[in-house]
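Quick notes on the structure that follows.
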Amino acid sequence: MINISNTLIISINSFMRIDILIWVVGIPVVIAFAILLFYQLKRHRFLKEELVQLTKIKQHNIEYELVLKSMCLSTWRYEVPSATFTLESDYRKETDSLLFEKGTSLDVLYKNMKHPYLQEFKGLLADILEGRKDEVHIQYQIGLPNSDKVYWSEIFATVDKRNMNGKPLTIVGTTRRIDEQKKLETELMEARNRAEESDRLKSAFLANITHEVRTPLNAIVGFSDVLPMVQSDEERNELIKLIKQNNAHLLRLFDDMLNISKLEAGNSGHIVKEDVELLPLFREMVDKYLPLCVEKGLEVFVEESSEKETIKTDRDRLKEILNQYMNNAVKFTDSGSISIGCERLASTIRIWVSDTGKGIPEDKCNEHLFERFVKVDDFVAGTGLGLSICRSLANTLGGIVGVESVYGKGSTFWVDIPL
C-alpha cells in the first residue's frame, strides 16, 4: 500500500511539474504570439492605409497632370532668396517658348519681357514680396533671345512658403501661351470698331441720302408744276432739260443703293465671263458721256496709246465700274478733258479713267476712299457709294482698284483685271 501511495504521489507530483512547466512555457509563448499577431495586424493596417494614400497621391498626380495638359500650362517655382526660377513641368503646345532651366536668374525674364509689361510685372512682384498681395496675374509680351519673334504669355502666381516673419520664401505659378486669345481679342476689337464706324457712316448716310433724294425730287415736282404754265418754247425746253437731269440723278442714286445692297447681301448674280473687246467698250463709254462733257465744255476721248485688247471677264460688271469712274470724272471736272484707256502689265490689264479735275487731297487719296459712304467733298451731290461699288465689283472679278491723284491737277482711277 505504501508503495502504491508513493507511486501515486510521485505521479501526481510529476503531473504537477509538467503542468507548471506548460504554464511557465506556454504563457510567454501565447503572449509573444498575441504581440506578434497585434503587430502584424497593425502593420497590415498601416500598409493598407499607406497603399490607399499612395493610390490617392497617384490619382491626384494623374488628375493634376491631366489638368496641366488640357490647359497647356507650364509650372514653375521662384526661390526668393536666390531670385531664381525653375521650370518644373511644361505642357505648352508651342515649342518656341522661353524656357527656364533650374536656377535661371530673374534677369533673364526681365531681359526678354517687353515694355510696358516689364514695369507692371516688377510692380506685381514687389506687391507679393512685400505682402500687399497673395496672388498676382499678368498678361505680357515676351521675346525669344537672338530672335525678333514675340509672343503673348499669361502668368498666375501665389506664395507657397514663408519664413517666420511671414515673408515669402517660395512663389509658385503657372504660365500659358495666349497668342490665339490675343489674336481673337484683336479681331473682335477691330470688328467692333468697324461696326461702330459702319453705324456712324450709316447714320451720316441716312442724313445725306435724305437730302440727296429730296433735292432732285423737289426739282422734278416743282418744275413739273411750273411746266404747264410756261408759254415760251425756250423756257419749256429748259425746264424739260432740268427735269431730265434731276430724273437721271435720282435714278443714279437708287441704282447705287440697289447695287450696294445686292453686293452686301451677296446677291449680285452669277459672274458670266466672256471675251470682251476693250476698245468698243471704251467708245461706248465715250459716246454715253459725250453729251454731258460737251455741255460742260470738256473733251472726252479714248487714249491713243491703248492697244486693242481682249480679256475674259464679266462685261456688265466691268462696264459698271467704268460707269462709276466716268460719272465721277464728269462730276468733278470743270475744264480740260477726260480720257479712258488701258495698258498691259505683268499679269493684269489696267483699265483707267483719267481727268483734269480738282483732284484729291493727299490725306484722302488712299484705300479709305473706296469705303462706303466716304465723300471727298461733302458739298458735291452724291451718296459716297460709287467707289465702294467699284471695289466690290472688282473683287468679284478677281481684280483690284486704285487711284492716283494730284490735288488741283486731276485724278486717275484704275482697275486691274487678271489676264
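The values are calculated or read from the model by the stated rules, or taken from the named source; none is laboratory data. All values derive from a computational prediction rather than experimental measurement. Ideal geometry is used to build each Cβ from the backbone, glycine not excepted, and the neighbour counts take in all protein chains shown. Remember, those area values only see protein heavy atoms, side chains included, never the ligands or the DNA or RNA. Shrake-Rupley method; radii C 1.70, N 1.55, O 1.52, S 1.80 Å.
Among the trypsin sites (Lys or Arg not before Pro) in the range 128-167, those placed in a DSSP loop whose Cβ has at most 12 other Cβ atoms within 10 Å are Arg132, Lys149.
Could you work out what % of the accessible surface of the range 109-187 is carbon and sulfur, using a 1.4 angstrom probe and leaving DNA, RNA and ligands out of the count?
Of the solvent-accessible surface of the range 109-187, carbon and sulfur hold 49 percent.
Separation of the range 102-146 from the range 153-168 is 14 Å, based on Cα centroids.
Lys241 exposes around 90 Å² of accessible area when a 1.4 Å probe is run over every protein chain in place.
The alpha-carbon positions of the range 100-208 define a convex hull whose volume is 143 Å³ per residue.
Residues of the range 307-419: accessible area per residue at 1.4 Å, in Å²? Don't jump to the answer; show the numbers that get you there.
Details: 4910 Å² over 113 residues.
In whole numbers, the range 307-419 has 43 Å² accessible per residue.
Report the FRET efficiency, 1/(1 + (r/R0)^6), for Lys183 and Phe301, where r is their Cβ-Cβ distance and R0 is 51 Å, rounded to 0.05. Walk me through the numbers on the way to the answer.
Working: r = 51 Å, r/R0 = 1.00.
With a Förster radius of 51 Å, E is 0.50.
All alpha carbon pair distances within the range 132-290 were sorted into 5 Å bins beginning at 0; the resulting P(r) in whole percents reads 2, 6, 7, 8, 8, 9, 8, 7, 7, 6, 5, 5, 4, 4, 4, 4, 3, 2, 1, 1, 0, 0. Checking every one of the trypsin sites (Lys or Arg not before Pro) in the range 279-313 against DSSP loop status and a limit of 13 other Cβ atoms within 10 Å picks out Lys308.
The modelled label-to-label distance for the pair Lys93/Leu217, using points 7 Å beyond Cα in the direction of Cβ, is 5.5 nm. Restricting the GluC sites (Glu not before Pro) of the range 62-116 to loop positions (DSSP other than H, G, I, E, B) with no more than 14 neighbouring Cβ atoms within 10 Å leaves Glu94, Glu101.
Among Met189, Met229, the sequence by solvent-accessible area, most first, with a 1.4 Å probe is Met229, Met189.
Taking the charge dipole of the range 212-356 about its Cα centre, with +1 at Lys and Arg Cβ atoms and -1 at Asp and Glu Cβ atoms, the residue from Gly297, Thr348, Val221 reaching farthest to the positive side is Thr348. Please give the FRET efficiency for Arg283 paired with Val226, using the beta carbon to beta carbon distance and R0 = 41 Å, rounded to the nearest 0.05. It comes to 0.60. Partner aspartates and glutamates whose Cα lies under 16 Å from the Cα of Lys111, excluding those fewer than 8 positions away in the same chain, are identified as Glu101, Glu120, Asp148.
So if we plug the beta-carbon distance of Asn237 and Glu367 into 1/(1 + (r/R0)^6) with R0 = 56 Å, what FRET efficiency do we get, rounded to 0.05? Don't jump to the answer; show the numbers that get you there.
Details: r = 45 Å, r/R0 = 0.80.
Computed FRET efficiency for Asn237 and Glu367 comes out at 0.80.
Taking 18 Å as the cut-off for C-alpha to C-alpha distance, list the pairs among Lys241/Lys296; Lys202/Lys358; Lys102/Lys167; Lys122/Lys149; Lys202/Lys319; Lys241/Lys375 that go past it. Working shown, then result.
Values: Lys241/Lys296 14 Å; Lys202/Lys358 27 Å; Lys102/Lys167 23 Å; Lys122/Lys149 23 Å; Lys202/Lys319 27 Å; Lys241/Lys375 27 Å.
Result: Lys202/Lys358; Lys102/Lys167; Lys122/Lys149; Lys202/Lys319; Lys241/Lys375 exceed 18 Å.
Modelled label positions at Leu144 and Lys312, each set 7 Å beyond Cα in the direction of Cβ, lie 4.4 nm from each other.
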